[in-house]
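Beneath this line is the structure, given in structure tokens, with notes to follow.
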Amino acid sequence: MRYFRFISRFTERTFPRTCLVVLVMICAVNPRAVPAPTQEEQVIAIISKMKAAYARVEGYRTDVEVEEYREGRLSETRRFVYTFKKPDHLRIDMESPHPGLVLVYPDEEGKVSVKPGGIGHFFKLRLAPDNPLLTRRTGQRIDQTDLGLLIRNIEHSLTDRRFGEIGISGHNDRVILEVLAADHFLPGVRTRYRFHIDKKDWLPMEVDELTADGELKRKVKFRDLQIMTGIPDNLFRLDGENTGDGEPAR
């Protein structure tokens, strides 16, 4: 009888601790015991990181390369330096195909100031942002080009304006999100987007646009992105160019 009472007391004391040790061992050797984040959770986390990263930005400068495709073939390449200061000041210094062309927005009347390059640099134009001379066949206006708007459009493409599933893949320096969504600028058009997000600063580094059938339409690449502080307002006026370029953010 004493033997059975001893066994009973021993079991009561050791059994809970034994179960705990076994559970810990199972979790240690079986990572699946901790569920991986769902795709929706991954997407929400990426969007949150992009929005938080951009909220810390006062201004930036980046080299931009835009490749336009027709029937899947490269038809035009544009390269320019893009400078932006919150809330809406932007400057484009064109490198090709029109070297020397400068566009700044907005002026005191909300228009785009344009200075041609070459022998026409003495002339200055003032155009509305929706002027056909400034609007690409993609429907995007010059005042719809900053990274903040792009991040908002990416969020819509991955949530309320998407069609079908989201593809998520990654490389050493980036995460890539692919989705069929409503076009950012053309009403009634569906575009397949591939968003390349830099995993270091969590800002977009490339956007690929394809037709719904997968035919490439455009690539926009952001290179040498520099987060800047103290960019002078005079930089965004054609009569005040030599005022310094601000300082990289620390």
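Kindly provide the set of residues from the range 78-119 that are more than 24 Å from the chain's Cα centre (by Cα), assigned to a loop (DSSP other than H, G, I, E, B) and surrounded by fewer than 18 Cβ atoms within 10 Å (Cβ to Cβ), ordered by number.
At the first step, the residues of the range 78-119 found to be more than 24 Å from the chain's Cα centre (by Cα) are 97-102, 107-119.
Those still in the list that are assigned to a loop (DSSP other than H, G, I, E, B) too: 97-101, 107-111, 116-117.
P97, H98, P99, G100, D107, E108, E109, G110, K111, P116, G117, listed by residue number.
Which of the residues spanning the range 177-200 are crowded, with 16+ Cβ neighbours inside 10 Å and either in contact with a helix residue (DSSP H, G or I) (Cβ under 6 Å, 6 or more places away or on another chain) or closer than 15 Å to F222 by Cβ (or both)?
V179, A181, H184, Y193, R194, F195, H196, I197, D198
Within the range 30-71, take every residue that is part of a loop (DSSP other than H, G, I, E, B) and acidic (D, E) and give me the one that is modelled with the lowest pLDDT. Steps first, answer last, please.
Step one: list which residues in the range 30-71 are part of a loop (DSSP other than H, G, I, E, B), which gives 30, 34-38, 56-58, 71.
Filter again for acidic (D, E), leaving 58, 71.
Numbers: E58: 98, E71: 89.
Applying the filter and picking the extreme gives E71.
So L74 passes all but one of these: (1) among the aliphatic types (A, V, I, L, M); (2) surrounded by 14 or more Cβ atoms within 10 Å (Cβ to Cβ); (3) part of a strand (DSSP E or B). Which condition number does it fail?
Evaluating L74 over (1) among the aliphatic types (A, V, I, L, M); (2) surrounded by 14 or more Cβ atoms within 10 Å (Cβ to Cβ); (3) part of a strand (DSSP E or B) leaves (2) as the failure.
Hey, can you tell me all the residues within the range 120-149 that are over 17 Å from Y105 (Cα atoms) and surrounded by 12 or more Cβ atoms within 10 Å (Cβ to Cβ)?
Answer for the range 120-149, where residues must be over 17 Å from Y105 (Cα atoms) and surrounded by 12 or more Cβ atoms within 10 Å (Cβ to Cβ): G120, H121, T138, G139.
The values are calculated or read from the model by the stated rules, or taken from the named source; none is laboratory data. Keep in mind it's a predicted model, so treat the numbers as computed, not measured. We place every Cβ from the backbone using ideal geometry, glycine too, and count neighbours over all the protein chains shown.
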